[in-house]
């Protein structure tokens, strides 16, 4: 995943070193069987609870973390109207909890589901989370409200 390395105006990231390092981690883990963390948080499932969505990630020795700043960015949720709104997200242990006062009954969540998203969920090694969505509705979240 190189979603955090690119340039909004250029599909080819200039930072080739970090791309190469991430590919090397994948090779070391999956081809050579080294017991290392090779990727950031990978979405597994979610649960709706009291107007919030709790997101679970595939098991990893590395916990979710924030890359820049103190607040997670890049999460949006929608209710039955299928209109996505930017949401607040908090890390709770190995999970992320997402909510928005504009969506009292959430049914779907997306992370980094836009062109050049502003997202900052990583793991303790600084590897970015893979973008994901829990819905199959058309469109990106670039026009969130």
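Pick out, from region 61-145, the strands (runs of 3 or more DSSP E) lying fully within it that include 2 or more residues that are modelled with pLDDT under 95 and under 25 Å from residue 19 (Cβ atoms). Working first, answer last.
On the way: elements: 64-66, 75-78, 84-86, 88-92, 95-99, 108-111, 121-123.
Those strands (runs of 3 or more DSSP E) do not exist here; none qualify.
When region 76-89 is examined, which residues are found to be without any contact (Cβ under 8 Å) to a residue 60 or more places away in the chain, under 17 Å from the mean Cα position of the chain (by Cα) and under 14 Å from residue 51 (Cα atoms)? Explain how you work it out, then say what you get.
Here is the first cut: in region 76-89, the ones without any contact (Cβ under 8 Å) to a residue 60 or more places away in the chain are 77-82, 86-89.
Keeping just the survivors that are under 17 Å from the mean Cα position of the chain (by Cα) gives 77-78, 86-89.
Passing the criteria: 77, 78, 87, 88, 89.
Which of the residues spanning region 1-42 are touching a strand residue (DSSP E or B) at 6+ places or on another chain (Cβ under 7 Å) and either surrounded by 11 or more Cβ atoms within 10 Å (Cβ to Cβ) or not in a loop (DSSP other than H, G, I, E, B) (or both)? I'd like the intermediate steps shown before the answer.
In the first step, residues of region 1-42 are kept if they are touching a strand residue (DSSP E or B) at 6+ places or on another chain (Cβ under 7 Å); the result is 1, 3-4, 13-14, 37, 40-42.
Hits for region 1-42 are 1, 3, 4, 13, 37, 40, 41, 42.
Considering only region 43-58, how many residues are assigned to a loop (DSSP other than H, G, I, E, B) and free of Cβ contacts under 8 Å to residues at least 24 places away in the same chain?
Initially, region 43-58 is screened for residues assigned to a loop (DSSP other than H, G, I, E, B), giving 50-51, 58.
From the residues that got through so far, the ones that are free of Cβ contacts under 8 Å to residues at least 24 places away in the same chain too are 50, 58.
Of the residues in region 43-58, 2 are assigned to a loop (DSSP other than H, G, I, E, B) and free of Cβ contacts under 8 Å to residues at least 24 places away in the same chain.
The values are calculated or read from the model by the stated rules, or taken from the named source; none is laboratory data. Everything quoted here is computed from the prediction, not taken from an experiment. Here Cβ is always computed from backbone atoms with ideal geometry, including for glycine, and neighbour counts include all displayed protein chains.
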